[in-house]
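Heads up: the structure comes next, in structure tokens.
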């Protein structure tokens, strides 16, 4: 029997607070939540940005590459520009672990393939700017559930990596009270 290739979704906007824990407490919360980490996620979590993150509240939404207007595929710069034009912002790079802790409802991925040159099935990629310009340094986080276990995984890709229309990204919705735009 063939498994459904359904894509993950944030059924509704998710409100989270980030920057509220020290790095040791954040790592402890991830362990307590039995969140699996790959080497790239561990590298990102070791970055000094987690030592100086300011507490803030975010409202996060997801959009597929197709929902952003790309019928077949697009590269990150096109995806991020289309998101900005539709009123969305890139997430702070520290958002991934907090979203992983908050998002208990993500469905299990239809397969266990971890890396095949494209976004893994059932994954939600947190749209953020890279912490370093080094192509060997992980670019950001994605969330996935494999066999019932939540994962926070880091990923690497070049600026010209092609994303498929069904690939899902998580963005910050514009903040209505401050009027911040999606830049």
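The values are calculated or read from the model by the stated rules, or taken from the named source; none is laboratory data. In this text, all values refer to a predicted model and were calculated from it rather than measured experimentally. Here the Cβ positions follow ideal geometry from the backbone for every residue, glycine too, while neighbour counts run over all protein chains shown.
Values for this structure:
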item: Candidate set: segment 137-148, residues that are surrounded by fewer than 17 Cβ atoms within 10 Å (Cβ to Cβ) and at pLDDT below 90; chosen: the one nearest to residue 13 (Cα to Cα); result: 148
item: Residues located in segment 48-78, provided they are closer than 13 Å to residue 94 by Cα, buried (at least 16 other Cβ atoms within 10 Å of the Cβ) and out of contact with any strand residue (DSSP E or B) (no Cβ under 7 Å at 6 or more places or on another chain); result: 50
item: Meets criteria (under 20 Å from residue 40 (Cβ atoms), within 15 Å of the chain's Cα centre (by Cα) and at pLDDT 90 or above) for residue 95; result: yes
item: Where a residue in segment 22-37 is on the phi < 0 side of the Ramachandran plot and touching a residue at least 40 places away in the same chain (Cβ under 8 Å) and its partner, wherever it lies, is part of a strand (DSSP E or B) and surrounded by fewer than 13 Cβ atoms within 10 Å (Cβ to Cβ), with Cβ under 6 Å and at least six apart; result: 36/149
item: Failed item in (1) closer than 23 Å to residue 53 by Cβ; (2) modelled with pLDDT under 80, with residue 116 passing the rest; result: (1)
item: Some residue of segment 79-91 being closer than 28 Å to residue 31 by Cβ and assigned to a strand (DSSP E or B); result: no
item: Unique match (being at pLDDT 95 or above and surrounded by 15 or more Cβ atoms within 10 Å (Cβ to Cβ)) among 103, 90, 131; result: 90
